[in-house]
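To start, the structure itself, in structure tokens.
The values are calculated or read from the model by the stated rules, or taken from the named source; none is laboratory data. Quick caveat: nothing in here was measured; it's all calculated off a predicted structure. Every residue, glycine among them, receives a Cβ derived from its backbone with ideal geometry; neighbour counts consider all protein chains shown. Quick note on the areas: whole protein, heavy atoms, side chains included, nothing else; ligands and nucleic acids left out. Shrake-Rupley method; radii C 1.70, N 1.55, O 1.52, S 1.80 Å.
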Amino acid sequence: MLKALQLEPEKCTGCLQCEMACSFEHEGVFNPSKSRIKVFNFHDEGRFAPYTCSQCAEAWCMHACPVEAIVINAMTGAKDVLEDVCVGCKVCTIACPFGTVNYNADTGKVAKCDLCGGDPACATACPTGAITYVDAEHTGLERMRAHAALSIPKASA
Amino acid sequence: MAWQRKLLRVDLTAGTCTPEPLNMEWALKYIGQRGLATKYLCEEIDPMVDALSPGNKLIMATGPLTGTMAATGGRYSVITKSPLTGAIACSNSGGFIGAEMKSAGWDMIIFEGKSPQPVYLWLENERAELLAADGIWGKSVWETDDIIHTTHQDPLLRVACVGRSAEQGCLYAGVVNDKHRAAGRSGVGTVMASKNLKAVAIRGTRGVGGVRDFKAFMKATAVGKKVLKDNAVTGIGLPAMGTQVLMNVINEVGAMPTRNMREVQFEGASKISAEAMHEPRESDGKPNLVTNAACFGCTIACGRISTIDPQHYTINNKPEYMGASGGLEYEAAWALGCDTGVDDLDALTYANFICNEDGFDPISFGSTVAAAMELFDIGAITTKETGGIEMRFGSAEALTRAAELVATGSGFGRDLGLGSKRLTAKYGHPDLSMTVKGQEFPAYDPRGIQGMGLTYATSNRGACHLRSYTVSSEIMGVPVKTDPLTTEGKPELVKAFQDATAAVDSTGLCVFTTFAWTLTDIAPQVDAACEGGWTPETMLEAGERIWNLERQFNLDAGLTAADDTLPKRLLKDAAKTGPAKGQVNRLHEMLPHYYEIRGWTADGRPTADTLKRLDV
């Protein structure tokens, strides 16, 4: 079954455990500045929102890459960057409408979410369930359930 | 190990920034953060130095776990000599700046001297520069934070700075980071401003590596997170209610200092409690509390994010206060509320915003306002001294006006900025100051919780709950329940809490974890991160070493056993209501035995044997 990251900002407290887990998984150090998932703090609204690549089916980054360094991982559906092919031209960072592919100056390559090969570290690290890894065809299941609950005739009625 | 092994020395007089290796020999004895920075301070300054002179130093220090995945591993501390108490000051803050400093490659920053002009430190990994603070001096914390982000065109910068209160010499100004997290107590911000240092702006992209045993570390921190999640306080109470969960509890046990500690229960407590923060208000149907929020790496998330009622008088035509910002924690709600007799939740939230916006400690501020209200009540001051403000107990208008005046150091705000000890002395009633060593009390009346009397009297930074939170044991039964009204066993309890807390404060972790964790949970995390073979026993010993080092600093600064006392009110005037009715604090039953088990002389000095045993 194809799975996807489900992000629920209303559950996010802004702790950045996901950013640390992501950077540790990919860089071997705790370094939020190198995380492929970012948590945004909308201070005046008192809201936090995690955000990362949603692994578009027809991914702009993949189509834009002139050297075919971005490929589909058949197992996870993630669009993976092949580091030894990437030339660091950054065209993909321009092509992505969501800003989720970014250049890493230390490596000279681009970096993006690769779903950690099917076991995303951010979802494991999230203490509040704001990031989960679920059936890609049913990311709306919980919301459907909530609305379905509203449609049940009330017991007293 | 998880240290960067590097500190930045900033000579503000000369305008230089120089890296130097961290003293790892000291780190193995003092862990980091509070302990290690205290060691540096003791080695580098004369304890008799005027706290606001260039001879004082100000140290920003992280711990070995700061910037790691350990739950709550984002803390940093500001260590200096306090202008409020003349004792050592060590104020701890969360938010994100500590982890950013560590990620930029620095364990510690030592500021020394005084800059000829206002400056701020800009730190981008290895690059450190002192830049002119022309555009930010005279601005609030909130403005400064925004201006620095705009100037550097970097939304990911983290900023710690002082507000206008510090610039104006308010003696309890803090260093505020991330707009509403603060190294709040003892006037550490006042020291920073006295050096003409307005802000520290940091961007770190190096990350924190070098963990001694990554596999063991990830396992130990995961186990620790589960313990926090499964605990009723850290897993449910704090995220849902914040520290404000205590408001009704402490009021019920009759340990709620009220109206400058004249009383021990506040009739308006429920109106300013956590529960009240959840209640939808009439005007817009929204509750005061917008959400809970976490500091860096924190899986508890006790932080409060609040809004003020848009119809409230405090924010008429003031759009800058209509958004969400840092809401009331228990200590702030108590000081601004119970201690002044004000039960207007929105007025308290507004005063709290102002404390954050211009960087001053809401505990000391609220207590000082309470002292001013008592002076006004007995006629020792009148509207002549207050500039027309009717400083009456219970007056929300007096409270919020006072906050505005302290923020900018104007009018009666200058008197209030002195703190309650100097304020009450100035107007001839020093007995009305509810302080120890010149620092105002927090929110637990030691008549109703006996151990807290000893805690306050012996705290190395003046009255403070965070040096040995025996409330945990005496009220909440963590780790074991003790009777709050007896003094028996309290010296041992206080010593154990003091030593353990000193160790926790030196790791980079938050002391709130200790509602669920003991050193048995913490030591494996530190040990996996660092060399040194850390066990609960060696951590506790390091804590005791740190406590004695701080004590030695204070003695060398001229403090004596005579300063280990409480205001007469708490020793002579019995509690009037509640379970502690008829009680005073019986400090005299505890203090001599405390000195004894500390290995100190009868006049409170560590013996040569004690210093030798601890290798201080």
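What percentage of the solvent-accessible surface of region B:228-368, computed with a 1.4 Å probe over protein heavy atoms, is contributed by carbon and sulfur atoms?
Values: 2190 of 4160 Å².
Within region B:228-368, the accessible surface is 53 percent carbon and sulfur.
How would you classify chain B from its alpha-carbon gyration tensor, with a ≥ b ≥ c the square roots of the eigenvalues: rounded for a/c under 1.5, else prolate if a/b is greater than b/c, otherwise oblate? Show your work: numbers first, answer last.
Values: a/c = 1.32, a/b = 1.12, b/c = 1.18.
Rounded, because the longest to shortest axis ratio a/c is under 1.5.
Rounded to the nearest 0.05, what FRET efficiency is calculated for A:E58 and B:K481 with R0 set to 45 Å and r the Cβ-Cβ distance?
Computed FRET efficiency for A:E58 and B:K481 comes out at 0.10.
What total accessible surface area, summed over both chains, is buried at the interface between chains A and B, computed with a 1.4 Å probe and given in Å² to the nearest 100? Intermediate values should be presented prior to the final figure.
Details: alone 9550 and 20300 Å², together 27690 Å².
The buried area between A and B, both sides summed, comes to about 2200 Å².
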Inset, instruction - List the longest stretch of chain A that has no exposed loop site; here a site is one of the GluC sites (Glu not before Pro) assigned by DSSP to anything other than H, G, I, E or B, with at most 15 other Cβ within 10 Å. - result: A:84-157
Legend entry - Shape call, the protein assembly as shown: gyration tensor on alpha carbons, a/c limit 1.5: prolate
Inset, instruction - Would you mind computing, in nm to one decimal, how far apart the modelled labels at A:Y103 and B:K572 are, each placed 7 Å from Cα along Cα→Cβ? - result: 7.4
Inset, instruction - Rounded to the nearest 10 degrees, what's the angle between the helix A:141-151 long axis and the longest principal axis of chain A, both from Cα atoms, 0 to 90? - result: 20
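Could you work out the equivalent-ellipsoid semi-axes for region B:201-265, taking the square root of 5 times each eigenvalue of the Cα gyration tensor, largest first, in whole Å? Before the final figure, lay out the partial values.
Details: eigenvalues 309, 71, 20 Å².
The three semi-axes for region B:201-265 are 39, 19, 10 Å.
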Inset, instruction - Arrange the peptides B:88-101, B:427-440 so that the one whose residues have, on average, the most other Cβ atoms within 10 Å appears first. - result: B:88-101, B:427-440
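Tell me the net charge near A:C53. Cut-off is 12 Å between Cβ atoms, A:C53 excluded, with +1 for each Lys or Arg and -1 for each Asp or Glu.
Values: positive: A:R36, A:K38, A:K79, A:K112; negative: A:D80, A:D114.
That sum, taken over residues with Cβ under 12 Å, equals +2.
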Inset, instruction - Have a look at region A:123-157 and report residues whose accessible surface goes down by 50 Å² or more when the remaining protein chains are included, against the chain on its own, probe 1.4 Å, ligands and DNA/RNA excluded. - result: A:P127
Inset, instruction - Let me know the shape class of region B:212-329, please: from the alpha-carbon gyration tensor, a ≥ b ≥ c as square roots of the eigenvalues, rounded when a/c is under 1.5, otherwise prolate if a/b is greater than b/c, or oblate. - result: oblate
Inset, instruction - Name the most mobile residue of A:G46, A:G140, A:G108, meaning the one with the largest mean-square fluctuation, in a Gaussian network model of chain A with Cα contacts below 10 Å. - result: A:G46
Legend entry - Interface residues in region B:196-224 - accessible area drops by 30 Å² or more relative to the isolated chain, probe 1.4 Å: B:T205, B:R206, B:V208, B:F214, B:M218
Legend entry - Length added when fully stretched, A:E68-A:Y51, from 0.36 nm per residue minus Cα-Cα: 3.6 nm
Inset, instruction - Using the heavy atoms of the protein chains and a 1.4 angstrom probe, tell me the accessible area per residue for the protein assembly as shown in square angstrom. - result: 36
Inset, instruction - Can you list which of the GluC sites (Glu not before Pro) found in region B:341-426 are DSSP loop residues with at most 15 other C-beta atoms within 10 Å? - result: B:E390
Legend entry - Environment charge of B:E544, counting only residues whose C-beta is closer than 12 Å and scoring Lys/Arg +1, Asp/Glu -1: +1
Legend entry - Nearby lysines by direct alpha-carbon distance to A:K79 (threshold 19 angstrom, same-chain neighbours under 8 apart not counted): A:K3, A:K34, A:K38, A:K90, A:K109, A:K112
Legend entry - Those lysines that a straight Cα-Cα span of less than 21 Å connects to B:K581, excepting residues fewer than 8 apart in one chain: B:K481, B:K490, B:K568, B:K572
Legend entry - Percent RCO, i.e. relative contact order, over chain A, from Cα pairs under 8 Å lying at least 6 residues apart: 29
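Return an integer: the convex hull volume of the alpha-carbon atoms of region A:106-156, in Å³ per residue.
Working: hull volume 6.6 nm³, N = 51.
For region A:106-156, the hull spanned by Cα atoms encloses 129 Å³ per residue.
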Legend entry - Between region A:52-78 and region B:271-310, the Cα center-to-center distance that results, in Å: 41
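First select every other residue whose beta carbon is under 10 angstrom from the beta carbon of B:G409; then total the charges, Lys and Arg +1, Asp and Glu -1.
Computed value for this residue: 0.
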Inset, instruction - Compute the accessible area of each residue in region A:32-81 twice, once for its chain alone and once with every protein chain present, using a 1.4 Å probe on heavy atoms, and list those whose area falls by at least 50 Å². - result: A:H43
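Please give me, ordered by residue number, the GluC sites (Glu not before Pro) of region B:510-573 that lie in loop per DSSP and have at most 16 other Cβ atoms within 10 Å. Before the final figure, lay out each step's value.
Values: sites: B:E531, B:E537, B:E541, B:E544, B:E550; in loops: B:E531.
In loop regions of region B:510-573 (DSSP not H, G, I, E or B), the sparsely surrounded GluC sites (Glu not before Pro) are B:E531.
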Inset, instruction - Using a Gaussian network model of chain A whose springs link C-alpha atoms within less than 10 Å, name the residue from A:T107, A:T93, A:T132 with the highest mean-square fluctuation. - result: A:T107
Legend entry - Value of [θ]222 nm, deg cm²/dmol, for chain B, DSSP H segments ≥ 4, -39500 (n - 2.57) each, nearest 500: -10500 deg cm²/dmol
